[in-house]
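Some notes on the structure that comes next.
Just so you know, all these numbers are worked out from the coordinates, no wet-lab data involved. The structure presented is a predicted model; accordingly, all values stated were derived computationally and were not measured. For neighbour counting, all protein chains shown are included, and Cβ atoms are generated from backbone atoms with ideal geometry for every residue, glycine included.
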Amino acid sequence: DGGITQSPKYLFRKEGQNVTLSCEQNLNHDAMYWYRQDPGQGLRLIYYSQIVNDFQKGDIAEGYSVSREKKESFPLTVTSAQKNPTAFYLCASSIAANPGTNYGYTFGSGTRLTVV
Amino acid sequence: AQSVTQLGSHVSVSEGALVLLRCNYSSSVPPYLFWYVQYPNQGLQLLLKYTSAATLVKGINGFEAEFKKSETSFHLTKPSAHMSDAAEYFCAVSDLKDNQGGKLIFGQGTELSVKP
């Protein structure tokens, strides 16, 4: 079955450490996205990529970095510069469509990151 | 700027009662519209989507939504709430500024509680 896999499900980080969250999809989707979710704040876009080797900052990119070396993979690194990284992180993918069309997202099951 | 507004961050209904979750969008042209559901510690799952084929859209789990252009609304309804419907619900709209297609703008979410 095609899908999008995030790992690990739970991750603990010490202050000052970088950590990388994995996101892999086998849906042959062109576009991939990273969102951060905090209680009462909905989904906030961190980074997105609509083609291999290209990505754009979202609304809250500071303290995060990404790469898109393969179509299937879009890892997110939470750097030590991110002052409040404890949150639920969601990865999503979509078919890149022509402007004015949209097929919606498929989401992964999320990674909960906690700073200890 | 384009936006999505979900009225009410928390909605509580009794089991068997009507569920009504409100979503209004701002857009100069009819967009693509989506409703997603999120259960605790999970990713988002697509409930239904509007893509201009029909104004009344039926989704999974007995939910439906009606697109009303004159009211710029896409409210989600279910005639009879079930305990298993307790979750957070997100309305989303296609981002018309996205030149490559695919990107969504999400509302803040509405948490639905169902009382026995």
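Largest mean-square fluctuation among B:57, B:13, B:29, in a Gaussian network model of chain B whose springs join Cα atoms under 10 Å apart, belongs to B:29. Couplings 3J(HN,Hα) for region A:50-60, derived from phi with the Karplus relation 6.51 cos²θ - 1.76 cosθ + 1.60 (θ = phi - 60°), are 10, 7, 4, 6, 8, 7, 10, 6, x, 7, 9 Hz, where x marks Gly and Pro. With the simple spin-label model, which puts each label point 7 Å out from Cα in the Cβ direction, the residue A:84 to residue B:14 separation comes to 4.0 nm. Here's the picture: charge each Lys and Arg Cβ at +1 and each Asp and Glu Cβ at -1 in chain B, and of B:17, B:6, B:74 the one pushed furthest to the positive end of that dipole is B:74. Listed values for region A:72-79 are Karplus-derived 3J(HN,Hα) couplings in whole Hz (6.51 cos²θ - 1.76 cosθ + 1.60, θ = phi - 60°), namely 7, 10, 8, x, 10, 9, 9, 8, and x replaces Gly and Pro. Counts of other chain beta carbons within 10 angstrom of each beta carbon in peptide A:101-113 average 6. Close amide H pairs (under 5 Å, H built 1.01 Å from N) link residue B:113 with B:11, B:12, B:13, residues at least 5 positions away or on another chain. In angstrom, the C-alpha Rg and Dmax of the protein assembly as shown are 17.6, 52.
Where does each of B:46, A:90, B:20, A:113 land when they are ranked from fewest to most other beta-carbon atoms within 10 angstrom?
On the way: B:46 17, A:90 25, B:20 13, A:113 21.
By the 10 Å Cβ count, ascending, the order reads B:20, B:46, A:113, A:90.
Sort A:5-18, A:54-67, A:33-46 by packing, meaning the average of other beta carbons within 10 Å per residue, with the highest value first. Don't skip to the answer; put the middle values down first.
Values: A:5-18: 12.6, A:54-67: 15.4, A:33-46: 19.4.
Put in order of decreasing packing, that is A:33-46, A:54-67, A:5-18.
Residues whose amide H comes within less than 5 Å of that of residue B:17, counting only those at least five positions distant or on another chain, are B:81 (H built at 1.01 Å from N in the peptide plane). Pairs from the list B:58/B:103; A:9/A:83; A:71/B:103; A:9/A:70; A:9/B:49; B:49/B:115 with a Cα-Cα gap above 25 Å: A:9/B:49; B:49/B:115.
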